[in-house]
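A short worksheet on the structure shown next.
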């Protein structure tokens with residue numbers, strides 16, 4: 001059933017109306033007759049699985065792509081964008097997942113980039129005006145940011161604030177945020193929500209794209225669900241709940257989201273003792289048994305990734321004892337880590353995971369050429385066969401194993417990295433935020449896979465910022481705070497509150 | 001598929017140039033002598049360009065190859081002279097050749113170590129090395145060349161009527177294609193160039209592979225240098241001025257991206273031949289060497305921009321949006 005939110009009594013004016021938008025990329029119909037109505041001064045959540053067409057729709061709104069068909073009305077006026085500048089002129093600003101700022105310039109310089117106030121002489125920029133206007137703008141919206149700060153030194157959260165200021169300076173009436181919380185810490189997320197609400201009360205419409213549905217519940221006024229390039233549902237948030245949204249997203253009931261844990265935990269496979277690395281991690285010790293999934297919780301910056309890096313031999317300064325299956329090992333580089341049977345799936349698949357312009361098959365075999373008997377010469381036919389097999393096993397959607405990794409959607413790219421580490425047949429696997437930025441269906445597959453790997457007797461360390469999935473998937477949860485291990489809890493006997501308390505609250509004697 | 005189409009473009013232009021020249025100057029251009037001559041001249045640049053392909057795929061650059069060319073030649077010739085006196089013969093020529101190539105290996109090793117261990121940018125390191133190696137080549141004999149009258153085999157010798165230099169060029173080409181396609185070094189070269197961090201996290205010994213790549217280009221410069229010395233029967237300290245730019249041009253025309261992760265040996269060979277035939281054709285058509293620079297400059301920019309265009313078109317088709 002396709003329905004569109006219509007103007008309700010007292011819902012205010014329509015800020016944006018997109019009608020009958022269609023877009024085709026080669027053989028793929030990315031969008032089909034999509035209608036989207038956003039009221040002025042509301043937060044409109046746009047949800048859907050990866051590949052559902054959210055980003056394409058927003059790129060059309062931002063003038064990056066042209067639509068094949070359909071029309072866009074802003075404040076009742078029909079607009080046609082021939083480029084991003086036109087969209088900005090019409091009051092549409094995009095805030096992407098990764099900040100789109102000039103790193104070496106200050107906040108004020110970024111806010112007025114391309115729009116600098118003129119100085120006393122031609123070709124001069126009036127720096128004072130720029131800084132003052134930025135400060136004034138920030139104050140109007142109660143943003144806490146230093147206009148003179150250099151962007152490279154800002155946190156991700158502050159970068160987003162700078163982006164939002166940039167949008168406001170351009171008199172944006174519609175701000176699109178694409179996965180804005182995916183790389184923020186908990187406190188930064190709270191601040192962002194506060195900012196979004198403030199934008200709304202100032203009459204600005206926010207289109208909010210996120211995979212974290214819990215966020216949407218508290219934030220959005222209306223929700224539009226896209227599936228396979230079509231709008232499948234659009235309704236005020238007050239009439240929806242998460243289960244309904246998920247049902248619309250995947251087109252089926254997602255029963256038993258987390259797999260049942262029915263694995264017998266065997267002997268200790270991994271023993272970490274006294275792991276240290278400067279101030280980043282201090283005296284961390286824990287064990288993981290065969291078939292056990294151990295979660296690791298903590299705020300951003302608590303040192304979770306650093307623990308993984310130290311174990312895997314990336315952090316050269318790290319000290320401590322690592323034993324696998326009762327034998328002490330020294331690991332000085334990722335290569336040695338792999339040789340000892342450790343796998344480390346990094347949290348940022350674009351930056352540290354994939355060679356995006358290379359073939360999927362090449363990405364899959366990158367860590368395991370030696371292990372599949374190709375340390376001397378590579379047999380492309382055999383390599384392709386191995387990749388195809390893993391692709392089928394993980395149900396990776398690709399044009400073929402020789403397609404470049406960048407042509408895959410986020411969830412499928414993540415599967416590509418997983419395939420790489422399945423190939424190395426490791427005994428200890430570290431997953432760092434494996435479900436970040438992937439859709440619900442793919443998440444479920446990842447959980448199932450973790451369970452399956454545990455069943456095979458592997459020891460698994462699962463680092464995540466989403467407490468829900470930690471509680472749903474793991475046997476035990478380790479909690480990190482400021483580089484220290486502050487909790488080692490049985491999953492069946494703990495709660496979100498207890499973990500959050502341990503992760504976030506300083507004890508008096510510290 | 002799209003890779004194939006992209007390579008078709010430089011190849012098509014190469015064929016086109018040959019056709020045009022054959023039509024206009026059938027008597028001088030379309031002769032065995034002329035073709036062998038062009039190939040022989042290509043061999044020096046081509047061998048270096050093969051090494052440069054590896055470097056550029058790894059997202060690096062080597063600006064020092066021209067200076068290295070001069071230094072290897074001077075060092076090799078100096079060894080020949082030291083061992084064989086005023087008119088070196090036989091074994092001393094062989095040892096000198098090995099010494100010249102060895103100097104190339106050492107130069108490449110130095111570049112590689114500085115780039116990886118000090119984490120310096122390849123552009124900066126090899127810019128410094130360019131001046132440094134040239135300086136040594138000039139200081140060695142106070143700017144004078146070394147003549148080795150009987151060192152002719154590499155430059156003028158032939159096996160079954162095929163010039164030795166062309167045979168060496170062909171063998172190196174085949175070896176390089178094999179390394180790049182079927183060996184770990186080649187695979188890791190692509191991986192490092194595409195995403196160095198990802199390669200590192202996947203267990204690739206990035207530093208070791210990069211040092212190997214710079215040593216590999218060093219060996220090739222050494223070989224090319226000895227061929228060059230042999231062709232002119234003298235080592236010139238000013239040899240190879242500007243060679244780095246010609247070589248980089250050939251690689252880029254062949255479809256490699258300076259951003260790394262992209263490029264093929266076949267493309268580079270086509271790029272090298274394209275430039276060589278263009279030069280040859282210009283000469284035969286009576287276009288001065290000065291004017292040739294204009295033509296070659298235009299070709300580089302046209303080739304690369306057409307390639308970019310084809311690439312972005314391909315991207316748009318590939319991306320399915322999300």
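I'd like the distance between the alpha-carbon centres of the stretch B:184-211 and the stretch B:245-281, rounded to an integer number of Å.
Here the two parts' Cα centres lie 23 Å apart.
Of the DSSP beta bridges with both residues in chain A, give the percent that are antiparallel, rounding to the nearest 5.
Percentage antiparallel, nearest 5: 55.
Return one number: the angle in degrees, 0 to 90 and rounded to the nearest 10, between the long axis of the Cα atoms of helix A:156-169 and the longest principal axis of the Cα atoms of chain A.
It works out to around 10 degrees.
Any chance you could run the full-extension gain for residue B:144 through residue B:182? It's 0.36 nm times the residue separation minus the Cα-Cα distance, nm to one decimal.
Roughly 9.3 nm would be gained on extension.
Taking Cα pairs under 8 Å and at least six residues apart, what relative contact order does the stretch A:356-423 come out at, in percent?
Relative contact order here is 51 percent.
Between residue B:232 and residue A:332, what is the label-point separation in nm under the 7 Å Cα-to-beta-carbon projection?
A separation of 4.5 nm, rounded to one decimal place.
If the label point is 7 Å along Cα→Cβ of residue A:283, which residues in the stretch A:473-503 have backbone nitrogen under 14 Å from it?
A:483-487
Assuming R0 = 60 Å, what is the FRET efficiency of residue A:262 and residue A:139, from their Cβ-Cβ distance, to the nearest 0.05?
The formula returns an efficiency of 0.55 here.
Based on other C-beta atoms within 10 Å, arrange A:193, A:312 from fewest to most.
Ascending Cβ contact count within 10 Å gives the list A:193, A:312.
Under a crude label model (7 Å from the Cα following the beta-carbon direction), how far is residue B:259 from residue A:187 in nanometres?
Result: 3.7 nm between the two label points.
Need the full-extension length gain, residue A:155 to residue A:105, defined as separation in residues times 0.36 nm minus the C-alpha distance. One decimal, nm.
Value of the extension gain: 16.5 nm.
To the nearest 0.05, what FRET efficiency results for residue B:152 and residue B:175 with a Förster distance of 41 Å applied to their C-beta separation?
Efficiency, rounded to the nearest 0.05: 0.95.
Normalised by the number of residues in the stretch B:40-180, what is the relative contact order in percent for Cα pairs under 8 Å and 6+ residues apart?
Once divided by the residue count of the stretch B:40-180, the mean separation gives 32 percent.
What is the extension gain from residue A:113 to residue A:98, computed as 0.36 nm multiplied by their sequence separation minus the C-alpha to C-alpha distance, in nm to one decimal?
Full extension of this stretch gives 3.6 nm more.
Normalise the Debye intensity by I(0) for chain A, one equal point scatterer per Cα, no solvent, then take log10 at q = 0.07, 0.11 Å⁻¹ and round to two decimals.
Log-scaled intensity ratios, in q order: -0.43, -1.05.
Let a ≥ b ≥ c be the square roots of the eigenvalues of the Cα gyration tensor of chain B; is it rounded (a/c under 1.5), or, if not, prolate (a/b larger than b/c) or oblate?
Oblate is the answer for chain B, as a/c is 1.5 or above yet b/c matches or exceeds a/b.
Of A:316, A:86, A:166, how do they rank once you tally other Cβ atoms within 10 Å and put the fewest first?
A:316, A:86, A:166
Give me B:150, B:27 sorted ascending by neighbouring Cβ count inside 10 Å, so fewest comes first.
Going from sparsest to densest Cβ surroundings: B:27, B:150.
If a/c stays under 1.5 just call it rounded; otherwise compare a/b with b/c (prolate if a/b is bigger, oblate if not). Do that for the stretch A:425-484, with a ≥ b ≥ c from the square roots of the Cα gyration tensor eigenvalues.
oblate
Kindly identify the stretch A:74-191 as rounded, prolate or oblate by the Cα gyration tensor criterion: order the square roots of the eigenvalues as a ≥ b ≥ c, call it rounded if a/c is under 1.5, otherwise compare a/b with b/c, prolate if a/b is larger, else oblate.
Oblate, because a/c is 1.5 or more while a/b does not exceed b/c.
What does the structure give for A:345-356 when I average, per residue, the other chain Cβ atoms found within 10 Å of the residue Cβ?
Mean shielding by partner chains, rounded to a whole number: 4.
Give the angle, between 0 and 90 degrees and rounded to the nearest 10, that separates the Cα long axis of helix A:380-393 from the longest principal axis of the Cα atoms of chain A.
Between helix and principal axis, roughly 80 degrees.
Taking the Cα centre of each part, how many Å lie between the stretch A:284-349 and the stretch A:423-494?
Between the Cα centres of the stretch A:284-349 and the stretch A:423-494 lies a distance of 14 Å.
Nearest 500 deg cm²/dmol is fine: what mean residue ellipticity at 222 nm does chain A get from its DSSP H runs of n ≥ 4 alone, each adding -39,500 (n - 2.57), divided by its residue count?
Rounded to the nearest 500, it is -9000 deg cm²/dmol.
Pairs of alpha-carbon atoms within less than 8 angstrom and 6+ residues apart define the contacts here; what relative contact order does chain A have, in percent?
With pairs under 8 Å counted, the relative contact order is 15 percent.
Is there a simple number for the mean count of other chain Cβ atoms within 10 Å of the Cβ of residues in B:183-195, and what is it?
Per-residue shielding by partner chains comes out at 5.
Would you mind checking the stretch A:342-362 for residues with the amide N under 17 Å from a putative spin-label position 7 Å along Cα→C-beta of residue A:452?
none
Shielding of A:53-61 by partners, i.e. mean partner chain Cβ atoms within 10 Å per residue?
Mean inter-chain Cβ contacts per residue within 10 Å come to 2.
Calculate the FRET efficiency for residue A:381 and residue A:490 from the Cβ-Cβ distance with a Förster distance of 51 Å, rounded to the nearest 0.05.
Computed FRET efficiency for residue A:381 and residue A:490 comes out at 0.55.
Can you give me the Cα centroid spacing of the stretch B:25-40 and the stretch A:131-177 in angstrom?
After rounding, the separation between the Cα centres reads 66 Å.
For the pair residue B:106/residue A:228, report the inter-label distance in nm, with labels modelled 7 Å from Cα in the Cβ direction.
6.9 nm
At 222 nm, what helix-only mean residue ellipticity would chain B give, in deg cm²/dmol to the nearest 500, using -39500 (n - 2.57) for each DSSP H run of four or more?
-26000 deg cm²/dmol
Bear in mind that the values in this text are calculations on the coordinates, not laboratory data. What you see is a predicted model, and the numbers here were worked out from it, not measured in a lab. Neighbour counts run over all protein chains shown; Cβ positions are idealised from the backbone, glycine included.
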